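Below is one structure, written out as structure tokens, with a few remarks after it.
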Amino acid sequence: MNEGWQNDDYFIVFTEDESLAAMKAYGFDHHLPGYTLLGLRGWDDFIVINSSGVMFTIPTLPLDASYAVPFTFPRQIYLEPDERFAGKIKWYTKPLVFGGDPADKTNLAWITHEQHAELVTWWNEQYRSAKTQN
């Protein structure tokens, strides 16, 4: 795993093995079939590539291909490590899509990658459940 700042963006870039494990943990075969996980941008968005080789960012919540935005890495990528964030992912305890406030300091937690996979999976199931009920 390679992570750090590139200008104003914090990136987490997975190795191939890490990508395969993360895709399984996040349920990509269910939520984003046909996409390969490359990493995260700014903690809130996955960096993915589709079967045609086109790169996108997709929010971790809702994890839905309809929210894909075209993306390219900077031409010269050099990630400046930041030990404050190494191995951590920023998470809103009440996700923004459910009305959480990003300015509320009590709504912010720093979690592990494993916790992130569990929370992304759980909250996406809640999102899909709420969406089908409406």
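Taken together, the values in this text are just the output of simple stated rules run on the coordinates, not laboratory data. Quick caveat, the model's predicted, so the values are computed rather than measured. We place every Cβ from the backbone using ideal geometry, glycine too, and count neighbours over all the protein chains shown.
Can you pull out every residue in region 79-89 that is within 18 Å of F14 (Cβ to Cβ) and out of contact with any strand residue (DSSP E or B) (no Cβ under 7 Å at 6 or more places or on another chain)? Answer for region 79-89, where residues must be within 18 Å of F14 (Cβ to Cβ) and out of contact with any strand residue (DSSP E or B) (no Cβ under 7 Å at 6 or more places or on another chain): just G87.
Look at (1) under 11 Å from the mean Cα position of the chain (by Cα); (2) of a type in the set (A, V, I, L, M, F, W, C); (3) over 18 Å from F11 (Cα atoms) and you find that W43 fails only one, number (3). The sole residue among V54, V69, V120 that is under 23 Å from N2 (Cβ atoms), surrounded by fewer than 11 Cβ atoms within 10 Å (Cβ to Cβ) and in contact (Cβ under 8 Å) with a residue 12 or more places away in the chain is V69. Per the listing G39, G87, the residue uniquely in contact (Cβ under 8 Å) with a residue 12 or more places away in the chain, surrounded by 11 or more Cβ atoms within 10 Å (Cβ to Cβ) and in a strand (DSSP E or B) is G39.
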